[in-house]
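For reference, the structure discussed in these notes is given below.
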Amino acid sequence: MKIFVTRPIPEAGIKMLRNKGYEVVINEAASDRPAANEEILGGVSGADALLSTLTDKISPEIMDTGLPSLKIIANFAVGFDNIDAEAAKQKNILVSNTPGVLTNTVAEHTFALMLAIAHRISEGDRFSRAGLYKAWGPQLLLGTDVSGKTLGIVGLGRIGSRVAEHAVRGFGMKVLYTDVKPTPEFEKEFGAVFVEKLEDLLPQCDFVSLHVPLLDSTHHLMNETTLKLMKPTAYLINTSRGPIVDEKALAVALAGGVIRGAAIDVFEFEPVITPELKQLENIILTPHIASATEETRNKMAELAALNIIEALEGRIPPNLIK
Ligand code: GLV
């Protein structure tokens, strides 16, 4: 069995595959850049499994190049918008992702961003490093409390729910959420309130955190119109996918005081960041690292490997996408 790995991932997963006696070919050249389409085409040819990352656009052409041997595309990510899943289904190629193992880590990063933007951590750090701290001041860099405020969760999946849990249990926040359908058990446990329409949720929140997958229906969910529905004192947090936010509109909203701040881990045109955003003080930008802890990346590698092993041994992989 041959496995092609588009980019070097933690050894924990590679070891599992090698222990099975598989030939594991890793595209080592792509350690600090996305894999090139030609590299993936070359590697997938004759492969039984493709271990992909979120920077790889897995097209029908790549799938055809892998056939007839290719049985599974195992994505090293919970999101799988980089894969043409419909085409894979038609070609009888399985697709898996790595849910669950990164929930805590992404929820922690989401909270880190929320606390950091509210308490002006990055701004304060820049200020201090620039030698601008001359004296303690009663009104120096005033921020906003998170505790007791209202958090709007857009998308109550695993990560959204965990963020809500931290918000309620850790910070006594009130949680409102929107999703395709309500989750009554969650509401009972956390006192959360379902708001059917995004337009009705936004004006009520002090913080809005996005946790939806990237679909046609979620592209530019936050745009000029919806940003204007937020309170001028509110903050937007995005650890889901970049194109869910119209970055140009976000830059205008932040510069014009439509909202108070934003903290985002994902970008509309990743890895390019809309230049206007980089000029602003009231935004925190992290480079798509919400799941990037050693523990979690190891677990993601192991889970991707497990999905491949199960598929190649004729069992049902635990994380097939629907
Ligand atoms: C990261 O963005 C992931 O989808 O795992």
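Could you work out which residue, out of TYR235, TYR22, TYR177, moves most in a Gaussian network model of the chain, that is, has the largest mean-square fluctuation with Cα springs under 10 Å? Result: TYR22 has the largest fluctuation of those listed. Which of the pairs LYS57/LYS181; LYS89/LYS228; LYS149/LYS228; LYS188/LYS228; LYS57/LYS197; LYS278/LYS322 have their Cα atoms more than 28 Å apart in this structure? The pairs that break the limit, which is 28 Å between Cα atoms, are LYS57/LYS181; LYS89/LYS228; LYS188/LYS228; LYS57/LYS197; LYS278/LYS322.
Here's the list of lysines a cross-link from LYS299 could span, going by alpha-carbon distance under 20 Å and ignoring same-chain residues fewer than 8 apart: LYS15, LYS20.
Largest GNM mean-square fluctuation across ASP48, ASP200, ASP56, computed for the chain with C-alpha springs under 10 Å, falls on ASP200. Among the GluC sites (Glu not before Pro) in segment 117-220, those located in a DSSP loop and surrounded by at most 13 other Cβ atoms within 10 Å of their own Cβ are GLU196.
Per residue, how much accessible surface does the chain expose to a 1.4 Å probe? Answer in Å², no decimals.
Numbers: 15160 Å² over 322 residues.
Heavy-atom accessible area per residue stands at 47 Å².
Just report the Cα centroid separation between segment 225-274 and segment 132-160, whole Å. Here the answer is 16 Å between Cα centres.
The values are calculated or read from the model by the stated rules, or taken from the named source; none is laboratory data. Please read all numbers here as calculations on a predicted model, not as lab measurements. Positions of Cβ are backbone-derived with ideal geometry, glycine not excepted, and every protein chain shown enters the neighbour counts. Surface accessibility is based on the protein's heavy atoms, side chains included, excluding ligands, DNA and RNA. Shrake-Rupley method; radii C 1.70, N 1.55, O 1.52, S 1.80 Å.
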